[in-house]
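Below is one structure, written out as structure tokens; comments come after it.
The values are calculated or read from the model by the stated rules, or taken from the named source; none is laboratory data. Everything numeric here is computed off the predicted structure, so don't read it as measured data. When we count neighbours, we look across all protein chains shown, and the Cβ atoms used for this are built from the backbone with ideal geometry, even at glycine. Only protein heavy atoms, including side chains, enter the accessible area calculation; ligands, DNA and RNA are left aside. Shrake-Rupley method; radii C 1.70, N 1.55, O 1.52, S 1.80 Å.
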Amino acid sequence: MIGNAHLDPVWLWDWREGLNEGIATSRAILDLMDENPDLTCIRGEAAIYRHIEQFDPRTFGRIKKYVQNRRWDVVGGVWVQPDMNLPGTETLARHFLAAKRYFSERFGRDVTAAWAADAFGHSAGLPELLAAAGMKYFAFTRPRRRQLPLEEPAFQWVGSGGARILAYRPLVGQYLCERADITTRLDKYLAAALASRIDNVGVFYGLGNHGGGPTRRLLADIRRWAAAHPEIKVVFSGLHPFFAALAAEAAQRGPGWLPEHRGELNFCMRGCYVSAARFKSAYRRTEALVHRTERSDTLIRARFGGRPADLTRAWEALLFNSFHDILPGTSIERAYDDQFAWLGQAVHECRQAELAALNLLAGKVDTSVPQPPADHPAATPFLVWNPHPCLYQGPLELEACLDHRPIAAYAGRPEALPLEVRGPNRRPMPFQTIATEHASFPNLAWRKRIVINVKIPPWGWSVFTMGWLEGARRPRVHNPVKGGGHGIRNEQLRIRARKGARGVDVFLRGRPLFGQGGLQLAAVDDEWGSWGDESETPASAKREEIKRYWKITGVHLLESGPERCALWVRFSHGRSRADLTFTLARGRAAADVQARIFWDERSARLKLIMPCGGTAAAYDVPGGVIRRGSCGEVPGGRWVRVETPGAGFGFASDALYGFNLCRGVLEASIVRSSRYADTRTMPASAEPWRPAMDLGELQFRFLLAGGDAPLAREAEFLEQPLPVLPMPAAPGGLGRAGSLGRLLPAGLQLLAVKPACDGRGWIIRAREIAG
């Protein structure tokens with residue numbers, strides 16, 4: 001009998017109420033433990049423990065006493081109970097790193113039993129993550145039996161690298177019970193246990209969701225049931241002792257007695273992969289920025305000295321917001337207001353830390369520029385930093401003012417102003433002038449924005465300069481990108497769109513990347529609440545009934561080469577629209593797309609439709625990669641590689657999580673406008689006064705490539721673009737280009753470069769992705 005009090009720190013309430021309830025619940029359980037010498041309980045979530053420690057030291061001291069007496073079992077090993085399908089691999093690793101360190105320091109306990117009471121499914125890569133974190137056991141309750149049949153409640157969960165985790169899902173029910181139903185529940189457990197070959201049966205009981213835990217009535221009912229069943233040994237237990245008993249039974253029965261499970265433990269609550277798309281997008285950007293800032297600061301400080309930035313609060317913001325009712329999109333609107341603000345704090349702290357590190361680097365690097373003629377502005381130097389352990393080769397944008405005031409000599413003809421761009425070797429290099437981010441004073445020459453094609457060393461820097469120079473000559477571009485009319489093209493890709501058509505045609509090496517109709521947008525009826533359909537009916541799981549295809553209502557060539565071409569395409573339907581700006585860069589074998597969606601629909605979702613002809617796909621997921629066929633809406637991470645009879649097709653984004661591959665079409669769900677924290681099925685016309693999620697504007701980026709593209713690397717550059725910083729010119733001891741290192745072989749994907757927690761040295765963490 002494993003007593004617990006599941007507590008969502010954010011859900012139908014905000015984080016302040018949730019964390020304070022952690023204090024109240026703990027007090028109630030402790031009082032009950034004082035009365036009942038045999039009562040045990042489990043509690044995870046380091047964030048809740050720390051809140052208790054900070055605001056109620058006396059209760060925290062009582063918890064420590066029962067931990068030492070082994071009646072209060074500290075479990076989980078995570079900061080909060082995160083979603084297990086959506087966060088990045090390193091984010092889940094940090095949950096265990098931060099929480100296990102906290103538990104070890106406060107309680108002297110090495111937590112080895114993971115506890116995912118309520119997460120909506122579990123990634124195939126989780127066994128490897130658990131094993132790397134020193135976890136031995138994993139207890140979970142979702143998906144339930146009707147969604148995910150398992151041979152036995154206990155099994156060996158085997159990871160792709162051979163990690164083995166002893167896992168358990170209860171025979172009946174889930175992590176909680178009602179005040180009056182424990183006797184009926186135990187009867188069901190007994191009947192199910194007699195049909196199982198496993199003798200040790202874990203029963204999770206206690207009130208939950210908003211705290212609670214065991215009650216006097218539950219304890220009395222359990223004792224009466226035990227007295228009525230003398231053939232059953234009833235033990236009040238923690239999670240670690242239960243798993244120890246289960247492991248001992250398995251060892252006694254011999255190798256192979258427990259079944260093995262390979263792959264993911266999915267699916268349920270499929271609406272969660274898309275709900276609260278705006279928050280998911282903000283989370284993903286914050287996650288990428290925290291990673292980039294930490295690795296940049298660590299590398300630069302390790303080389304040049306100085307105290308590493310303290311990103312503890314930024315990481316804690318990221319970990320807390322990965323909670324399984326925040327990131328999946330199932331909390332109330334008021335709660336999301338707070339969580340957006342929390343992410344914003346992390347973003348600002350990272351911007352400050354990254355600026356400090358890059359300024360430190362710039363002070364060591366030669367950023368000098370030639371002395372200009374008298375009363376003439378000097379060129380602007382730019383420091384470009386590559387936070388990735390591999391070479392970056394591709395387009396790069398620079399924008400700066402060419403003088404402190406608009407240049408009067410070129411008033412009325414700003415395009416005639418002579419501009420020179422020099423690379424790290426101080427030689428002039430080709431460039432393309434593009435539109436600035438502003439449209440102020442369009443007849444005045446003052447601020448310029450350009451795109452160049454660059455190579456930036458791994459974990460390295462390069463210095464470029466841009467300035468006004470009379471008589472400047474621009475070097476010729478070889479193999480220029482070209483655009484005109486309704487299309488753009490480079491050496492490998494061609495994109496075309498026509499007003500009135502249903503989709504955009506994309507050609508790779510002369511062959512259509514997509515089938516009939518090209519890349520399209522379509523709306524689908526989606527009347528389920530924030531979780532989707534908990535019953536997992538086929539219609540809700542697949543979401544394939546097209547409501548209406550959108551049409552192209554505008555096409556405009558924004559940039560026409562030679563370095564880059566950009567084609568703006570507007571899709572519209574009703575009051576909603578989507579602006580997709582496709583760009584092709586010189587020498588680049590992928591099409592980059594900036595999406596700006598204005599969404600004004602209720603009880604519906606918007607999908608990106610890509611008819612690619614594939615019947616199976618590989619998905620990036622936390623901790624690994626998994627191959628799936630057609631199985632309805634599924635969670636995916638940074639990239640998807642669709643297998644086709646030809647070369648295949650690759651897709652990556654910096655925001656999307658929900659995908660469906662069916663009948664040769666990959667569908668990426670962009671947004672779904674359900675109501676906040678709503679479990680009901682309702683048409684769009686019902687309760688118009690109740691707010692729906694994600695109405696308004698949503699922005700994200702994605703790329704399209706061939707199936708042979710290095711998608712993991714492309715996704716890294718997409719999520720973590722290279723920072724570009726205009727700098728004050730100064731001499732420095734280091735050259736204008738250089739590298740602090742690289743990571744080999746290419747089959748390793750960098751997860752983290754960070755200071756060691758104990759302050760002695762640095763940690764480099766990677767995962768193997770080559771198979």
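Which percent of the Cα-Cα distances in the stretch 458-521 go past 21 Å? Roughly 51 percent, once rounded to a whole number.
When 1/r is averaged over all different Cα pairs and the result inverted, which Kirkwood radius in Å belongs to the stretch 58-143? With all distinct Cα pairs of the stretch 58-143 included, I get 13.4 Å. Values of log10 I(q)/I(0) for the stretch 292-412 across q = 0.09, 0.12, 0.22 Å⁻¹ run -0.45, -0.71, -1.23, by the Debye formula with one identical scatterer at each alpha carbon and no solvent. The residues packed around residue 130, meaning those with a beta-carbon under 12 Å from its beta-carbon, carry a net charge of +2 if Lys and Arg are +1 and Asp and Glu are -1.
Counting only protein heavy atoms and a probe of 1.4 Å, the accessible surface of the stretch 21-104 is 47% carbon and sulfur. In this structure, the amide hydrogen of residue 560, modeled 1.01 Å from its nitrogen in the peptide plane, lies closer than 5 angstrom to those of 566, counting only residues at least 5 positions away or on a different chain. Calculated mean residue ellipticity at 222 nm for the chain: -8000 deg cm²/dmol, from DSSP H runs with n ≥ 4 weighted as -39500 (n - 2.57), summed, divided by the residue count and rounded to 500.
For the residue pairs 455/754; 551/607; 364/754, the C-alpha atoms sit more than 18 angstrom apart in 455/754; 364/754.
With Rh defined as the Kirkwood radius, the inverse of the mean 1/r over Cα pairs, the Rg/Rh of the stretch 223-326 is 1.21.
If packing is taken as the mean number of other Cβ atoms within 10 Å per residue, what is the order of 473-483, 164-174, highest first? Working shown, then result.
Numbers: 473-483: 14.6, 164-174: 20.1.
Answer by packing, highest mean first, reads 164-174, 473-483.
Note on the stretch 627-681: with neighbouring protein chains present and a 1.4 Å probe, carbon and sulfur make up 49 percent of its accessible heavy-atom surface. For the chain, the longest principal axis of the C-alpha atoms and the axis of helix 333-364 are separated by about 50°. Applying a DSSP loop filter and a limit of 16 other Cβ atoms within 10 Å to the GluC sites (Glu not before Pro) in the stretch 204-284 leaves 231. Once you reduce the stretch 701-718 and the stretch 72-132 to the center of their Cα atoms, the two points are 29 Å from each other. Magnitude of the charge dipole for the stretch 449-575, about its Cα centre and with charges confined to Cβ atoms of Lys, Arg (+1) and Asp, Glu (-1), is about 1040 debye. Largest first and in whole Å, the equivalent-ellipsoid semi-axes of the stretch 160-305 read 41, 23, 17, each the square root of five times a Cα gyration tensor eigenvalue. Farthest towards the positive end of the charge dipole of the chain, among the residues 523, 390, 3, is the Cα of 390, using unit charges on the Cβ of Lys, Arg, Asp and Glu. Working note: Karplus 6.51/-1.76/1.60 with θ = phi - 60° gives the stretch 320-330 the couplings 4, 7, 8, 3, 6, 10, 9, 4, x, x, 10 Hz, where Gly and Pro are set to x. Cross-link partners of residue 65 among aspartates and glutamates, defined as those whose alpha carbon lies under 16 angstrom from its own and excluding same-chain residues fewer than eight positions apart: 31, 34, 35, 38, 53, 56, 73, 105.
Normalising by residue count, the stretch 425-574 has a Cα convex hull of 237 Å³ per residue. Across the stretch 438-447, rounded Karplus estimates of 3J(HN,Hα) from the backbone phi angles (6.51 cos²θ - 1.76 cosθ + 1.60, θ = phi - 60°) give 10, 10, 7, 6, x, 8, 10, 8, 8, 10 Hz, Gly and Pro being marked x. At an R0 of 30 angstrom, the distance between the Cβ atoms of residue 355 and residue 54 translates into a FRET efficiency of 0.45. Toward the positive end of the charge dipole of the chain, with +1 on the Cβ of Lys and Arg and -1 on the Cβ of Asp and Glu, the farthest Cα among 220, 743, 428 is that of 428.
Rounded to the nearest 20 Debye, what is the dipole magnitude of the chain about its Cα centre when Lys and Arg each give +1 and Asp and Glu each give -1 at the C-beta?
Using Cβ point charges on Lys, Arg, Asp and Glu, the chain gives about 1760 debye.
Accessible surface computed residue by residue for the stretch 630-675, with neighbouring protein chains in place and a 1.4 Å probe, gives 21 Å² per residue.
Could you work out how far apart the two model spin labels at residue 145 and residue 220 are, taking each label as a point 7 Å from the Cα in the direction of the beta carbon, and quote it in nm? According to this spin-label approximation, the distance is 3.1 nm.
Rolling a 1.4 Å probe across all protein chains gives residue 455 an accessible area of roughly 130 Å². Note on the stretch 22-160: with charges restricted to the Cβ of Lys and Arg (+1) and Asp and Glu (-1), its dipole about the Cα centre is near 200 debye. Relative to the first principal axis of the alpha-carbon coordinates of the chain, what is the inclination of helix 239-253, with its axis defined by its Cα atoms, in degrees from 0 to 90 and to the nearest 10? Approximately 80 degrees, to the nearest 10.
What does the net charge come to around residue 355 if you take all other residues with beta carbon closer than 12 Å to its beta carbon, with K and R at +1 and D and E at -1? Net of charged neighbours comes to -2. Each part reduced to its alpha carbon centroid, the stretch 171-198 and the stretch 386-415 end up 67 Å apart.
Of the residues 436, 615, the one with the largest accessible area comes first in the ranking 615, 436, computed with a 1.4 Å probe on protein heavy atoms. Here the spin labels are modelled as points 7 Å beyond Cα on the Cα-Cβ line, and at residue 491 and residue 474 they lie 2.1 nm apart. Computed over neighbours whose Cβ is under 11 Å from that of residue 372, the net charge equals -3, Lys and Arg +1, Asp and Glu -1. For the chain, the longest principal axis of the Cα atoms and the long axis of helix 57-68 meet at an angle of about 60 degrees. Subtracting the Cα-Cα distance of residue 766 and residue 679 from their residue separation scaled by 0.36 nm leaves 27.4 nm. For residue 746 and residue 644, what does the FRET efficiency come to when R0 = 35 Å and r is the distance between their Cβ atoms, rounded to the nearest 0.05? Calculated transfer efficiency: 0.90. Across q = 0.17 Å⁻¹, the stretch 177-235 modelled as identical point scatterers on its alpha-carbon atoms has Debye log10 I(q)/I(0) values of -0.58, in the order of the q list. Put simply, the C-alpha atoms of the stretch 590-711 give a gyration tensor, and the ellipsoid matching it has half-axes of 29, 16, 12 Å, longest first.
Carbon-plus-sulfur accessible fraction, the stretch 159-307 (probe radius 1.4 Å, protein heavy atoms only): 52%. Hey, rough spin-label estimate for residue 551 and residue 338, points 7 angstrom out along Cα→Cβ, what's it come to in nanometres? So the label points at residue 551 and residue 338 sit 4.8 nm apart. Shown in residue order for the stretch 278-283 are the 3J(HN,Hα) couplings computed by the Karplus curve 6.51 cos²θ - 1.76 cosθ + 1.60 at θ = phi - 60°: 5, 5, 4, 5, 5, 4 Hz (x for Gly and Pro). The calculated P(r) of the stretch 86-192, using every Cα pair and 5 Å bins from 0, goes 2, 11, 18, 22, 18, 13, 9, 6, 1 in percent. Shape descriptor for the stretch 413-467: Rg over Rh equals 1.03 (Cα atoms; Rh from the Kirkwood inverse mean 1/r).
For residue 204, the residues whose amide H sits under 5 Å from its own are 2, ignoring neighbours fewer than 5 places away on the same chain, with H placed 1.01 Å from N. When the stretch 484-621 is described by a simple charge dipole with +1 on each Lys and Arg Cβ and -1 on each Asp and Glu Cβ, the residue from 535, 583, 608 located farthest towards its positive end is 583.
Extension gain for the segment residue 312 to residue 17, taken as residue separation times 0.36 nm less the Cα-Cα distance, is 103.9 nm to one decimal. Among 562-573, 741-752, 136-147, the peptide with the highest mean count of other Cβ atoms within 10 Å heads the list, and the full ranking is 562-573, 136-147, 741-752. Would you mind computing Rg(Cα) / (2.2 N^0.38 Å) for the stretch 1-106, counting N as its residues? Against the compact-globule rule of thumb, the ratio is 1.07. Averaging 1/r over each pair of different alpha-carbon atoms in the chain and inverting the result gives 28.3 Å, the Kirkwood hydrodynamic radius.
A Förster radius of 60 Å combined with the Cβ-Cβ distance from residue 729 to residue 70 puts the calculated FRET efficiency at roughly 0.40. Fully extending the segment from residue 435 to residue 391, taken as 0.36 nm per residue of separation minus the present Cα-Cα distance, adds 13.1 nm. For residue 551, the residues 5 or more places off, or on other chains, whose built amide H falls under 5 Å of its own are 572.
For the stretch 370-411, the solvent-accessible area with a 1.4 angstrom probe is 47 square angstrom per residue.
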